[in-house]
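The values are calculated or read from the model by the stated rules, or taken from the named source; none is laboratory data. Keep in mind it's a predicted model, so treat the numbers as computed, not measured. Every residue, glycine as well, gets a Cβ built from its backbone with ideal geometry; the counts of neighbours run over all protein chains shown. Accessible surface areas use protein heavy atoms only, side chains included; no ligands, DNA or RNA. Shrake-Rupley method; radii C 1.70, N 1.55, O 1.52, S 1.80 Å.
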Amino acid sequence: MRLAQGGEIDRTRPLTFTLDGVEYTGFDGDTLASAMLANGIVQVAPSLYRQRPRGIFSAGVEEPNALVQVGAEPSLQATTVRLRAGLVARTLSGVGRLTPEPEQHRYDKRFTHTDILVIGAGPSGRMAARTAAAGGARVILVGAGLPELSDPSGNVESRGPLGGIGDELAATQLRVLTGATAFGYYDSNYVLVAHKQTLWHIRARRVILATGAHEQPIVFENNDRPGIMLAGAVRKYITQYAVLPGRNAVVCTTNDSAYATVAALVQAGARVTVVDSRPIPPDLAPKGVEVISGLVTNTEGRHRITAAAVTTGSTQDRRIECDLLAVSGGWQPAVHLFSQSRGSVRWNGQAFVPDASAQANRVVGAANGTFDTRAALIEAAEAAVEAAAAVGYPVAMPPLPAVQEREITPDNPVWLVPGDPANQFVDLQRDATVADVRRAVGAGMRSPEHVKRYTTIGTGADQGRTSNIPALGVIAEALGTTPGELGTTTFRAPSVPVSFALMAGRDRGKLHDPIRTTPIHSWHVTNGAEFENVGQWKRPWFYPKPGEDMETAVLRECRAARTGVGMQDASTLGKIEVVGPDAGEFLNRMYTNAFKKLAVGSARYGMMCKADGMVFDDGVTMRLADDRYYVTTTTGGAANVLDWFEEWSQTEWPELAVTFTSVTEQWSTIAVVGPRSRAVIGLVAPDLDVSNEAFPFMTFRETTLHNGIPARIARISFSGELAYEVNVSGWYGLAAWEAIHEEGRPYGITPYGTETMHVLRAEKGFPIVGQDTDGTVTPHDLGMSWIVSQRKDFVGKRSLRRPDTARPDRKHLVGLLPVDPGQLLPEGAQMVALDAPTTPPVPMEGHVTSSYRSAALERTFALALIRNGRNRIGETLRAPLGDRVIEAIVTEPVFYDKEGARRDG
Amino acid sequence: MLLISCPWCGEREETEFHYGGQAFVSYPADPESLTDEEWAQYVFFRDNPKGDFAERWVHSAGCRRWFNTVRNTVTSEFLS
């Protein structure tokens, strides 16, 4: 019921909203929950598992019951949803459903540094922020309050006055984020704040936590009926929203704080009976209010509470009719963020309060267990003075506002009132009861962490703000100990639910990860290439002609490269210039084979190992000058190889004069491959003598293409065919590609993609690092002992002599030919012996690393890492594939042109 | 997220760095003269103390320089 006056709502701005299909009216300044209560609605959707009637329980982020879906956004708390015109909400039973529709709103991130961050804009937080900012320090005050729903026009920040902070601060460096929630506190005072549609990443030199406290319930039988609410929430509904949640109230408390609710209820015209757990309740109630020393033990009612059963120490038990039961079981400081910052907490007999800080922070006010207003303000001001001095903007202690001091009657905390444990609810959102907790303890759980997982108490969207302490009380009682002995469960971010869209910000869709394309990319797109992702690169996979599927296209491309001429964009290869008088010596120490004596103008294939002797990367290196090498790496390994070079150069051999520069993006590389490639290169580079004698295999020449483009052309082959690699400046990549394509047209030049490249190299048994190797494969395992120098040291060499690495029966790279030449082994398939058992354990012999259909072989073939494989040539193995079995014969890994007769054309 | 002080660039976000493991593990002068056990110690074995630990970092998204530092593995506080 809406009161005739009062509250902080704007009665001149009525707002119409829809709840569960029915239209209602509230005011600007309402939450959805306060507007519901104003319309007489206390009941929400029934509970998740037991379908019990439930009602609005709180007025903030601790709300366990009143979950709603607003538009497409599920699982919002009605108590934190700000009312707006046209809002359409639906009550939810415990769980929501994400919409499959893409998020329409734009979210963003901001990164900022500040001297002092104050979290919480209650009296303590405002005092701290105002004090800290007075000396000129940069201060950010994060005010909780109402998180706005998706409001594209919402201001990102608001500077200047906030309630209680005067205009004199307009000139200071104080920035106020209203309607914002700090939800994550990480190392080095790094705090995440959800502020409307912006995720703030704030790095602060000092943090002051003024996060307040959460009121705790009392666990009694049928403590979940609609109309049972936290006492502080009842007061907030009356004073802030001018809503009276019930006319006939019982207030059940263990402490003084609920008497403010009593006063507010009386002033709003409700009839009130107080039930106080303390033997001698304080004289705090207004005249005419009955105060009983006792406890509520049970309730009656179906869709709303109708009566409370009260047990008293001195007089007879009572039954009091009511439509509202306001409960206060004491206050638990909101230590979530402090605990996330690795601060420790201690049990003070009633609650867990902050103990020792692990970072540069202080906790003040109710969050520190300081509930007296004057003491809290002093604490906040002192923390601000200390922080301001620490960051170099000292301030004096400010004058304190006059706050009336009063005497406090100590709390008499009660976790649990005797009753039927099956209907005593500990966690309303998870529908978990005292019986569930006792069952967990009975099953042997002792740690609250275990009980939490067994019962799911505290795992709801409310993060157990109203259930953790009662649960600890019940566990402690069952184990005959205290909550302090048990300790709390760990607090983790996010401390309030945060949407995925906010986390993602703009890092969605195309912006999720950088996309790298070569200078020739537009040509590939125009010519219908299908692309595959290689790291962040988009590489042409194959170029299907109309009507072709992948298999047909790849067979056509392979045939062209083997019988005519093909071309491939190889620009994604990693390229590093290694320069300096010691460049050759450095490469000698890195690669398994030697580069120091490589002739200028020549190229050499090299392989690198990590210190454990396992293959790390490979590629061709050209010597451009005495002190200059041009190293190529695998596409995916480029950054790792550069890092690897830097690491050894800086940390082990700083005496070697050598530098490394990534030139991957500076060069475009075009592979021209096949028996007709010499003719095409001759046309495109007319100044070049392309004869085998003048331009032999594994050499390169600097020349100029017929269109004026300077080019470095190398005779390198990754297919076994006569082949060239044309390197030009990235600026000319597309022009060079188009020139080669044009000159190759009479020869039927065929662009091919990565799949054809893979087939061609596999036919020759060339391994791909990362596909045919996996970090457990040595050069010897690959059958490449010829590349391992016996004369010089290199990183990893000593490992190749270790007993396990030198074992003759390690897994070797071999070929596999399926017995049925039409069957294709799946890559990754496990190979077993012919006579292996068909039920586990089945000894594994190895696995397929590469598998293709070959145009040249007119059949399928594969590469595989097989235990002792080189000594098993000719043996038949099986690949059990669930519904079928493929048999394959172990072979040498080279399938095509074993003599190497084709590379010179 | 840690705030790490690069000796060349000053304090930067942890995401700009890569971790390099224990510091002062030198590449042996003559690997071939080592026993298998000695070589295995170099390749595979590192300390894992609870407390102060001398370790290597590289400012890979910044100046790309390697540096040594001492970090407390419990609190992640940098001591040097």
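Could you list, in sequence order, all residues of the stretch A:501-529 that are surrounded by fewer than 16 Cβ atoms within 10 Å (Cβ to Cβ) and either in contact (Cβ under 8 Å) with a residue 40 or more places away in the chain or in a loop (DSSP other than H, G, I, E, B) (or both)? I'd like the intermediate steps shown before the answer.
We begin by selecting, within the stretch A:501-529, every residue surrounded by fewer than 16 Cβ atoms within 10 Å (Cβ to Cβ); these are A:503, A:506-515, A:522, A:525-528.
Of everything in the stretch A:501-529, those that are surrounded by fewer than 16 Cβ atoms within 10 Å (Cβ to Cβ) and either in contact (Cβ under 8 Å) with a residue 40 or more places away in the chain or in a loop (DSSP other than H, G, I, E, B) (or both) turn out to be A:503, A:506, A:507, A:508, A:512, A:513, A:514, A:515, A:522, A:527, A:528.
Considering only residues that are of a type outside the set (Lys, Arg), in a loop (DSSP other than H, G, I, E, B) and crowded, with 16+ Cβ neighbours inside 10 Å, look in the stretch A:664-690 and name the one that is nearest to the other protein chains (Cβ to nearest Cβ).
Keep residues of the stretch A:664-690 that are of a type outside the set (Lys, Arg), which gives A:664-675, A:677, A:679-690.
Filter again for in a loop (DSSP other than H, G, I, E, B), leaving A:664-666, A:674-675, A:685-690.
Pick out the ones that are also crowded, with 16+ Cβ neighbours inside 10 Å and you get A:664, A:674-675, A:685, A:688, A:690.
Numbers: A:664: 16, A:674: 41, A:675: 45, A:685: 37, A:688: 38, A:690: 41 Å.
Looking at residues that are of a type outside the set (Lys, Arg), in a loop (DSSP other than H, G, I, E, B) and crowded, with 16+ Cβ neighbours inside 10 Å, I get A:664.
If a residue has to be among the basic types (Lys, Arg) and in the same structural domain as residue A:863 (by TED's automatic domain parsing) to count, how many in the stretch A:875-905 make the cut?
Selection size over the stretch A:875-905: 2.
Of the conditions (1) closer than 30 Å to residue A:73 by Cα; (2) touching a Gly at 6+ places or on another chain (Cβ under 9 Å); (3) among the aliphatic types (A, V, I, L, M), residue A:478 satisfies every one except a single condition; which number is it?
For residue A:478, the failing item is (1).
Determine, yes or no, whether residue A:834 is of a type in the set (A, V, I, L, M, F, W, C), open to solvent by less than 80 Å² (accessible area, probe 1.4 Å) and in contact (Cβ under 8 Å) with a residue 12 or more places away in the chain.
No, not satisfied.
Name every residue in the stretch A:318-343 that is without any contact (Cβ under 8 Å) to a residue 60 or more places away in the chain, part of a loop (DSSP other than H, G, I, E, B) and either in contact with a strand residue (DSSP E or B) (Cβ under 8 Å, 6 or more places away or on another chain) or closer than 26 Å to residue A:229 by Cα (or both), in order of residue number.
A:343
Pairs under 6 Å by beta carbon, first residue at positive phi in the stretch A:796-824, partner open to solvent by less than 70 Å² (accessible area, probe 1.4 Å) and in a loop (DSSP other than H, G, I, E, B), six or more apart or different chains?
Hits for this filter: A:796/A:611; A:796/A:613.
Which residue is surrounded by the fewest Cβ atoms within 10 Å (Cβ to Cβ), if the candidates are limited to the stretch B:13-39 and must be facing chain A (nearest Cβ under 7 Å) and either over 15 Å from the mean Cα position of the chain (by Cα) or farther than 22 Å from residue A:795 by Cα (or both)?
B:32
Across the stretch A:774-804, what is the number of residues that are surrounded by 16 or more Cβ atoms within 10 Å (Cβ to Cβ) and more than 10 Å from every other protein chain (Cβ to nearest Cβ)?
Summing the residues that are surrounded by 16 or more Cβ atoms within 10 Å (Cβ to Cβ) and more than 10 Å from every other protein chain (Cβ to nearest Cβ) in the stretch A:774-804 gives 11.
Residue-by-condition table, conditions (1) closer than 25 Å to residue A:87 by Cα; (2) modelled with pLDDT of 90 or more; (3) not assigned by TED's automatic domain parsing to the domain that holds residue A:360:
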position: A:125; (1), (2), (3): no, yes, no
position: A:137; (1), (2), (3): no, yes, no
position: A:158; (1), (2), (3): yes, no, no
position: A:162; (1), (2), (3): no, no, no
position: A:170; (1), (2), (3): no, no, no
position: A:178; (1), (2), (3): yes, no, no
position: A:187; (1), (2), (3): no, yes, no
position: A:198; (1), (2), (3): yes, yes, no
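For the stretch A:172-198, enumerate the residues that are within 14 Å of another protein chain (Cβ to nearest Cβ) and open to solvent by less than 10 Å² (accessible area, probe 1.4 Å). Steps first, answer last, please.
Within the stretch A:172-198, the first condition is being within 14 Å of another protein chain (Cβ to nearest Cβ), and the residues that meet it are A:184-192.
Residues satisfying the conditions are A:184, A:185, A:189, A:191.
Can you tell me which residue among A:253, A:239 is touching a helix residue (DSSP H, G or I) at 6+ places or on another chain (Cβ under 9 Å), modelled with pLDDT of 95 or more and of a type in the set (S, T, N, Q)?
One residue alone meets the criteria, A:253.
When you check residue B:76 against the structure, is it crowded, with 17+ Cβ neighbours inside 10 Å and either within 7 Å of another protein chain (Cβ to nearest Cβ) or touching a Lys or Arg at 6+ places or on another chain (Cβ under 6 Å) (or both), yes or no?
The answer is no for residue B:76.
Out of the residues in the stretch B:40-57 that are of a type outside the set (Phe, Trp, Tyr) and open to solvent by less than 50 Å² (accessible area, probe 1.4 Å), which is farthest from the other protein chains (Cβ to nearest Cβ)?
Going through the qualifying residues, I end up with B:49.
Within the stretch A:420-459, which residues are assigned to a loop (DSSP other than H, G, I, E, B), at negative phi and open to solvent by 10 Å² or more (accessible area, probe 1.4 Å)? Please lay out each step first, then the result.
Keep residues of the stretch A:420-459 that are assigned to a loop (DSSP other than H, G, I, E, B), which gives A:420, A:428-431, A:443-447, A:456-459.
Now restrict to residues that are at negative phi: A:420, A:428-430, A:443, A:445-447, A:457, A:459.
A:420, A:428, A:429, A:430, A:443, A:445, A:446, A:447, A:459, listed by residue number.
List, please: which pairs have Cβ atoms under 6 Å, are six or more places apart or on different chains, and start with a residue in the stretch A:297-317 that is more than 19 Å from residue A:57 (Cα to Cα) and end with one that is assigned to a loop (DSSP other than H, G, I, E, B)?
A:311/A:317
Give just the number: which of (1) open to solvent by 70 Å² or more (accessible area, probe 1.4 Å); (2) more than 9 Å from chain A (Cβ to nearest Cβ); (3) under 30 Å from residue A:792 (Cβ atoms) does residue B:8 not satisfy?
(3)
Report, by residue number, each residue of the stretch A:731-756 that is in a helix (DSSP H, G or I) and open to solvent by less than 30 Å² (accessible area, probe 1.4 Å).
A:733, A:736, A:737, A:739, A:740, A:744, A:754, A:756 - these are the residues of the stretch A:731-756 that are in a helix (DSSP H, G or I) and open to solvent by less than 30 Å² (accessible area, probe 1.4 Å).
Pick from the stretch A:571-580 the residues that are surrounded by fewer than 23 Cβ atoms within 10 Å (Cβ to Cβ) and small (Gly, Ala, Ser): which of them is farthest from residue A:668 (Cα to Cα)?
Step by step, filter the stretch A:571-580, then rank; the result is A:580.
For the stretch A:344-366, what are the residues that are out of contact with any Lys or Arg (no Cβ under 8 Å at 6 or more places or on another chain), in a loop (DSSP other than H, G, I, E, B) and hydrophobic (A, V, I, L, M, F, W, C)?
A:351, A:356, A:364
Could you please find all residues in the stretch A:630-663 being within 33 Å of the chain's Cα centre (by Cα), outside any helix (DSSP H, G or I) and within 14 Å of chain B (Cβ to nearest Cβ)?
If the condition is that a residue be within 33 Å of the chain's Cα centre (by Cα), outside any helix (DSSP H, G or I) and within 14 Å of chain B (Cβ to nearest Cβ), then A:661, A:662 are the ones that fit.
Give A:846, A:828 a once-over and let me know the one that is in contact with a Leu (Cβ under 7 Å, 6 or more places away or on another chain) and either at pLDDT 95 or above or under 30 Å from residue A:557 (Cβ atoms) (or both).
Exactly one of A:846, A:828 is in contact with a Leu (Cβ under 7 Å, 6 or more places away or on another chain) and either at pLDDT 95 or above or under 30 Å from residue A:557 (Cβ atoms) (or both), namely A:846.
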